[in-house]
Amino acid sequence: QVQLVESGGGLVQPGGSLRLSCAASGIIFSINAMGWYRQGPGKQRELVASITDGGSTNYADSVRGRFTISRDNAKNTVYLQMNSLKPEDTAVYYCNADVNYGSWYGRYRDNYWGQGTQVTVAS
């Protein structure tokens with residue numbers, strides 16, 4: 001019913017920047033919180049940043065001051081601007097959204113994950 005698609009990942013040198021996008025599609029009435037998670041090699045998946053429908057943001061200590069999360073409610077899209085990238089930022093980044101959606105059978109609220117996009121920071 002709802003699909004999240006990430007884009008914008010790739011290879012970047014240390015100190016560089018990337019901008020990730022995640023677009024939600026489907027019969028969406030509204031999206032509550034949205035967030036970005038990442039899972040690096042040999043690591044657990046961790047929350048990178050989140051943003052509520054009201055625009056309140058939260059960041060992991062490791063990215064605070066370097067990353068910025070934002071959203072465009074008209075496009076059902078969340079972004080992650082990543083600056084001053086470090087090798088330890090290398091991970092698969094996953095979009096997550098808490099969605100109010102509908103179908104022929106009613107209206108629902110559920111949590112969805114994107115497929116992930118690879119970010120590699122290396123020389």
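The values are calculated or read from the model by the stated rules, or taken from the named source; none is laboratory data. All values reported here derive from a predicted model rather than from experimental measurement. Glycine also receives a Cβ, built like all others from the backbone with ideal geometry; neighbour counts cover every protein chain displayed. Remember, those area values only see protein heavy atoms, side chains included, never the ligands or the DNA or RNA. Shrake-Rupley method; radii C 1.70, N 1.55, O 1.52, S 1.80 Å.
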Subject >> The listed residue being over 20 Å from residue 123 (Cα atoms) and of a type in the set (Val, Ile, Thr), out of 99, 12 >> reply: 99
Original post:
Which of the residues that make up the stretch 83-123 are in contact with a helix residue (DSSP H, G or I) (Cβ under 7 Å, 6 or more places away or on another chain) and either surrounded by 12 or more Cβ atoms within 10 Å (Cβ to Cβ) or closer than 14 Å to residue 38 by Cα (or both)?
Top reply: 119, 121
Subject >> Residue within the stretch 33-55 that is more than 17 Å from the chain's Cα centre (by Cα), closer than 30 Å to residue 123 by Cα and without any contact (Cβ under 8 Å) to a residue 40 or more places away in the chain present >> reply: yes
**OP:** Note down all Cβ pairs under 8 Å where the first residue falls in the stretch 75-87 and is at positive phi, the second is open to solvent by 50 Å² or more (accessible area, probe 1.4 Å) and in a loop (DSSP other than H, G, I, E, B), and they're at least six residues apart or on different chains.
**Re:** 84/15; 84/17
Original post:
Counting just the residues of the stretch 61-74 that are on the phi < 0 side of the Ramachandran plot and more than 12 Å from the chain's Cα centre (by Cα), which one comes out least open to solvent (accessible area, probe 1.4 Å)?
Top reply: 63
**OP:** Could you look through the stretch 61-74, keep only residues that are in a strand (DSSP E or B) and in contact (Cβ under 8 Å) with a residue 12 or more places away in the chain, and pick out the one that is nearest to residue 32 (Cα to Cα)?
**Re:** 71
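Condition check ((1) of a type in the set (S, T, N, Q); (2) over 15 Å from residue 7 (Cβ atoms)) across all residues:
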site: 60; (1), (2): no, yes
site: 77; (1), (2): yes, no
site: 81; (1), (2): yes, no
site: 87; (1), (2): no, yes
site: 90; (1), (2): yes, yes
site: 95; (1), (2): no, no
site: 102; (1), (2): no, yes
site: 117; (1), (2): yes, no
site: 123; (1), (2): yes, yes
